[in-house]
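Laboratory data are not the source of any read-out in this text; all were calculated from the coordinates shown. In this text, all values refer to a predicted model and were calculated from it rather than measured experimentally. Neighbour counts run over all protein chains shown; Cβ positions are idealised from the backbone, glycine included.
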Amino acid sequence: MIFFPKEALVSKLFYDTIPLNKLVEQSELIVVAKSIEPFQKTEQRTIKKGPPFSWFVYRFKISEIIYQGSSSIKTDSEISVSSFDDNNFKYHKKYYETGLSVIRHVSQYKSAYQPLDFAHESKTNGAILFLISEPNKSKAFRFTEPCSYESIKKLSEIKKLVKNIDGKAHW
C-alpha cells in the first residue's frame, strides 16, 4: 500500500484476480440461488465531509446448499447479500476527511458472468454465490470477494473443489 498527499492523486484500486479454488477455500457458504424482487437496493453511510459511501444489497432465495461451514441457513431461505467492504469505507472516509490518498491491491474473483449477465442469469437460471456471514445477522451475508458468483454451468467443478477441501462432500 502506498500513501500520497491529497493533491497527488485520487485513491486507486488495482484488482488481483483469485482463482476459483481459492474462492471456494475462503467461503463460509456456497449456494445456488435465484434473485428475488426487489433484487437490488442501494445503501449509504454518511461521513462528516464528502459524499456518502454507497454499496448494493441483493436479495436471493437459496435453492441448493453446496457448502455450509458454520452457517445454519436452510434451502428455500431468503437471504440478503451485501457488496459492502469495510476497508473501502475506511479509505473513502479517510480521503474525504483527511485528504489521504492510497494505491492498494484488492482481491477479486473473475466470474464467467459480467455484472449485467449476473442480474439476468440469477433471476432466470440461478447463480452460484460464494459468501461469508455478516456478524450478528442471521440471514445476511457478503460476497467472499468482489464478484464472488459463478454460472451454474460450473456446478460440478465447484462441487469437486468443495469435496477436495477435506476429502468429503459437504452437501
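Quick look at the numbers
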item	result
Tyr15 long-range amide H proximity, modeled H, under 5 Å	Val106
From phi via Karplus (6.51, -1.76, 1.60), per-residue ³J(HN,Hα) for region 35-43 in Hz, x at Gly/Pro	5, 10, 8, x, 5, 10, 9, 9, 10
Tilt relative to the chain, helix 155-166 - C-alpha long axis, 0 to 90 degrees, to 10	80 degrees
Burial ordering of Glu157, Glu145, fewest other beta-carbon atoms within 10 Å first	Glu157, Glu145
Filter on Lys49/Lys123; Lys61/Lys160; Lys34/Lys163; Lys34/Lys160; Lys12/Lys163; Lys90/Lys154 - keep pairs with C-alpha separation over 32 Å	Lys49/Lys123; Lys12/Lys163; Lys90/Lys154
Selection from Val106, Asn164, Gly50 lying farthest towards where the dipole of the chain points positive, charges on Cβ	Gly50
Principal-axis tilt of helix 115-124 within the chain, Cα atoms, nearest 10 degrees	30 degrees
Cα centre as origin, Lys/Arg/Asp/Glu Cβ charges: the chain dipole, Debye	240 debye
Point-charge dipole on Cβ atoms (K/R +1, D/E -1) for region 51-145, about Cα centre, debye to 20	220 debye
With eigenvalues of the C-alpha gyration tensor scaled by 5 and rooted, the chain, Å	31, 18, 14
Between 0 and 90°, nearest 10: helix 86-98 axis offset from the chain longest Cα axis	10 degrees
Spin-label model distance (nm) - Phe39 vs Ala140, 7 Å beyond Cα toward Cβ	2.3 nm
Residues in region 131-152 reached by a label modelled at Phe89 [backbone nitrogen below 17 Å; 7 Å Cα→Cβ]	132-146
Under 5 Å, built H, 5+ apart or other chain: amide partners of Ala112	Ser151
Beta bridge orientation in the chain: antiparallel %, DSSP, nearest 5	75 percent
Paramagnetic reach from Val106 (point 7 Å along Cα→Cβ, amide N under 13 Å) across region 123-154	143-148
